[in-house]
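The values are calculated or read from the model by the stated rules, or taken from the named source; none is laboratory data. If you're wondering where the values come from, they're calculated on a predicted model, not measured in any experiment. A quick note on method: Cβ atoms are made from the backbone with ideal geometry, for glycine too, and the neighbour counts reach across all protein chains shown. Note: accessible area is taken over every heavy atom of the protein model, side chains too, but ligands, DNA and RNA are not part of it. Shrake-Rupley method; radii C 1.70, N 1.55, O 1.52, S 1.80 Å.
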Amino acid sequence: MALKENYDPSGLDGFWVMDHSESRIRDPDTGEWVPEVIRQQFVEIRHEGPWADFRVRIDHAEDLHLYMHYRVRYGDDEWVPYTVVHIDGDPEHEKLRPNHFRTVHARVGQPISYLKEIYVDPRTTFRLTRHVDGAADYALMSRLTEDRRRIVGKVLPVEGEAGIEKWLQRKESLGFDWPA
């Protein structure tokens, strides 16, 4: 992939924590916007050339933390796995089972989906995903604010209107170590 002349994803690098005051999802039953249902989300993004490493921790409950990772090359044709790397808590917990957003049970060492990333400009990327079975899943547009302190991510499922609007706030650290 030839990198664009203005290629500079470095503004996205760093530690990010979900801002509950603005994050919301569409209720799958009513279609109404409601507050985000996960307790917390932490993200670390690192770039090296066209490669991006994403580490994510989702706190589903006080005693349930799901750690995931993917490494992707912007604009590559290859679908890469979005893999569960660790679960703190009960691996059989109901929040790790298939639901409106995931078709598989989250299991350590297994992908929850496959994805591609598209670099648009220094503040904008798109993630295209498909389910493990190959069916289309969602598109995520991530946009860094002009002051580079916040990211908004908007998820468009294959059917219907945007289903998630998540705001992340830049942090100096996440306050925990990633599992080895």
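General remarks:
- Leading residue by the ranking (nearest to LYS116 (Cα to Cα)) among those in the range 46-67 that are among the charged types (D, E, K, R) and either within 15 Å of the chain's Cα centre (by Cα) or surrounded by 18 or more Cβ atoms within 10 Å (Cβ to Cβ) (or both): ASP53
- Which numbered condition ARG26 misses (of (1) closer than 25 Å to ALA162 by Cβ; (2) at pLDDT 95 or above; (3) buried (at least 17 other Cβ atoms within 10 Å of the Cβ)): (2)
- Within the range 10-49, strands (runs of 3 or more DSSP E) holding 1 or more residues that are among the acidic types (Asp, Glu): 40-48
- When we screen TYR74, TYR70, TYR82 for residues that are open to solvent by less than 20 Å² (accessible area, probe 1.4 Å) and over 23 Å from PRO98 (Cβ atoms), the only hit is TYR74.
- Every condition in (1) farther than 19 Å from LEU174 by Cβ; (2) among the aliphatic types (A, V, I, L, M); (3) without any contact (Cβ under 8 Å) to a residue 24 or more places away in the chain is met by ILE87 except one, and the failing one is (1).
- Test result for PRO157, open to solvent by less than 50 Å² (accessible area, probe 1.4 Å) and either modelled with pLDDT of 95 or more or over 27 Å from TYR7 (Cα atoms) (or both): yes
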